[in-house]
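Participant: Starting off with a structure, shown below.
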Amino acid sequence: MRILIIGGTRFVGHAMAEAALEAGHDVTLLHRHETAELPGATHLLADRDGDLAVLADGSWDATIDVCAYVPAQVRRLHEALGGSDQRGGHHVFISTVSVYKEPEGPGADEVAQRFEPAPEDATEVTNETYGPLKVTCENIATELYGDSGLTIVRPTYVVGPRDATARYPWWPLRAARGGPMIAPGPADAPMQCIDARDMGAWTVRLAEGRVAGAFTAARPFTTFGSLLDETVAAIDSDARLVQVDGDWLVEQGVDGLQMPLWTEGGAEWSLAMATARAEAAGLTHRPFADVVRDTLKWALAHPDQATNDTWGMTPEREKELLAAWQSTQA
């Protein structure tokens with residue numbers, strides 16, 4: 001099968017490209033920069049916001065668009081692949097659970113209410129516009145490819161090796177350092193994630209089967225406390241979680257940047273979506289302990305990618321907060 005992946009060299013796209021190559025497919029990757037990775041694929045260098053003439057002579061059985069964030073990108077790719085004379089085959093659009101308005105409780109499914117779409121000419125991507133922009137992208141993709149020719153994948157937090165966002169990698173790295181570590185409350189706040197490799201292999205299978213429809217891509221939801229418990233349990237260290245009240249942490253100026261993936265405002269039910277539809281379509285998950293250990297191994301080997309100045313807390317600040325918290329409990 002000939003598969004075109006738009007943005008197939010980083011994290012989520014890389015996992016899809018690897019899975020497609022391992023399945024024996026003829027893989028073409030459209031991306032901006034030279035790379036020595038994924039040598040089994042054909043590499044087309046282009047900026048999707050610029051000249052896409054490199055796509056003019058090709059044809060594929062399926063296209064997976066990993067990196068469309070604004071509406072114009074969806075229309076331009078369709079035009080570059082022949083417009084109504086589609087040369088891209090079945091279309092898979094990678095969206096996000098951020099398209100959903102905040103549900104009232106756990107278990108919302110793919111027909112849950114989405115945000116109002118952003119204007120089609122919108123181009124600024126922020127935390128506030130990200131979801132509405134993806135809604136517009138989904139709507140345009142549906143218009144262009146039709147319900148039967150389109151798969152929409154809506155992942156929650158994507159984790160695993162090669163996670164250069166440096167969000168989840170901070171936790172295995174912190175656990176590996178050992179000692180008492182802050183577990184921000186509430187421990188029962190919902191949490192949901194998916195390993196990029198599991199999502200990648202499953203997305204390729206959806207493309208292979210031309211499985212149409214929208215799917216929430218996530219592990220069955222758990223809690224933030226359980227995520228941290230499982231992370232620490234999978235790592236050989238003397239790390240010990242110390243439960244710290246979330247409201248108290250907010251009063252001390254702590255937020256979700258310093259404690260990655262933590263929702264300082266309490267429960268977000270968009271992190272407790274139903275997964276039955278995706279599972280019925282073949283989504284499976286590796287043991288989470290494997291995700292933890294594989295992430296740590298990669299993060300230790302690539303500290304330049306697994307850490308940055310945006311996410312996490314210094315050891316000194318954590319020690320200071322733990323001492324202050326324990327003084328309130330005396």
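The values are calculated or read from the model by the stated rules, or taken from the named source; none is laboratory data. Not measured: the values here are computed from a predicted model. Cβ placement follows ideal geometry from the backbone for every residue including glycine, while neighbour counts extend to all protein chains displayed. Note: accessible area is taken over every heavy atom of the protein model, side chains too, but ligands, DNA and RNA are not part of it. Shrake-Rupley method; radii C 1.70, N 1.55, O 1.52, S 1.80 Å.
Participant: From the set of residues in the stretch 19-45 that are closer than 16 Å to Gly89 by Cβ and in contact (Cβ under 8 Å) with a residue 40 or more places away in the chain, which is most open to solvent (accessible area, probe 1.4 Å)?
Facilitator: Among those residues, the one meeting the criterion is Ala23.
Participant: Can you tell me which residue in the stretch 233-248 is nearest to the chain's Cα centre (by Cα), limited to those that are open to solvent by less than 50 Å² (accessible area, probe 1.4 Å) and not β-branched (Val, Ile, Thr)?
Facilitator: The residue in question is Ala234.
Participant: If only one of Pro117, Pro106, Pro161, Pro132 is of a type outside the set (S, T, N, Q) and in a helix (DSSP H, G or I), which one is it?
Facilitator: Every option except Pro132 fails the conditions.
Participant: Restricting to the stretch 259-279, and then to whatever is part of a helix (DSSP H, G or I) and not acidic (Asp, Glu), can you tell me which residue is surrounded by the fewest Cβ atoms within 10 Å (Cβ to Cβ)?
Facilitator: Per the criteria, the residue is Ala276.
Participant: Right, next: Among what's in the stretch 46-72 and is acidic (Asp, Glu) and closer than 21 Å to His25 by Cβ, pick the residue that is surrounded by the most Cβ atoms within 10 Å (Cβ to Cβ).
Facilitator: Checked the stretch 46-72; the qualifying residue surrounded by the most Cβ atoms within 10 Å (Cβ to Cβ) is Asp65.
Participant: Output the residues belonging to the stretch 201-226 that are in a helix (DSSP H, G or I) and in contact with a Phe, Trp or Tyr (Cβ under 8 Å, 6 or more places away or on another chain).
Facilitator: Leu206, Phe224
Participant: Oh, and also: Which one of Val125, Val99 is modelled with pLDDT of 95 or more, open to solvent by 60 Å² or more (accessible area, probe 1.4 Å), β-branched (Val, Ile, Thr) and at negative phi?
Facilitator: Val125
Participant: Quick one: count up the residues across the stretch 74-96 that are open to solvent by 10 Å² or more (accessible area, probe 1.4 Å) and either in contact with an Asp or Glu (Cβ under 6 Å, 6 or more places away or on another chain) or of a type in the set (Lys, Arg) (or both).
Facilitator: Result for the stretch 74-96: 4.
Participant: Something else now. Considering only residues that are outside any helix (DSSP H, G or I) and surrounded by 13 or more Cβ atoms within 10 Å (Cβ to Cβ), look in the stretch 285-330 and name the one that is nearest to the chain's Cα centre (by Cα).
Facilitator: This residue is His285.
Participant: May I pose another question? What do you reckon, is Glu110 without any contact (Cβ under 8 Å) to a residue 12 or more places away in the chain and either touching a helix residue (DSSP H, G or I) at 6+ places or on another chain (Cβ under 7 Å) or not small (Gly, Ala, Ser) (or both)?
Facilitator: Against the criterion (without any contact (Cβ under 8 Å) to a residue 12 or more places away in the chain and either touching a helix residue (DSSP H, G or I) at 6+ places or on another chain (Cβ under 7 Å) or not small (Gly, Ala, Ser) (or both)), Glu110 does not qualify.
Participant: Another question, then. Confirm whether Pro117 is touching a residue at least 60 places away in the same chain (Cβ under 8 Å) and either touching a helix residue (DSSP H, G or I) at 6+ places or on another chain (Cβ under 7 Å) or open to solvent by 60 Å² or more (accessible area, probe 1.4 Å) (or both).
Facilitator: When the stated conditions are applied, Pro117 does not pass them.
Participant: Next question, about the same structure. Residues that are farther than 18 Å from Ala207 by Cβ and over 21 Å from the mean Cα position of the chain (by Cα): find the strands (runs of 3 or more DSSP E) completely inside the stretch 1-65 holding 2 or more of those.
Facilitator: It comes to 42-45.
Participant: Specify which of the listed residues (Tyr145, Tyr168, Tyr157) is open to solvent by 40 Å² or more (accessible area, probe 1.4 Å), in contact (Cβ under 8 Å) with a residue 12 or more places away in the chain and among the aromatic types (Phe, Trp, Tyr).
Facilitator: One residue alone meets the criteria, Tyr157.
Participant: Quick check on this structure: which one of Glu230, Glu251 is open to solvent by 20 Å² or more (accessible area, probe 1.4 Å) and in contact with a Phe, Trp or Tyr (Cβ under 8 Å, 6 or more places away or on another chain)?
Facilitator: Glu230
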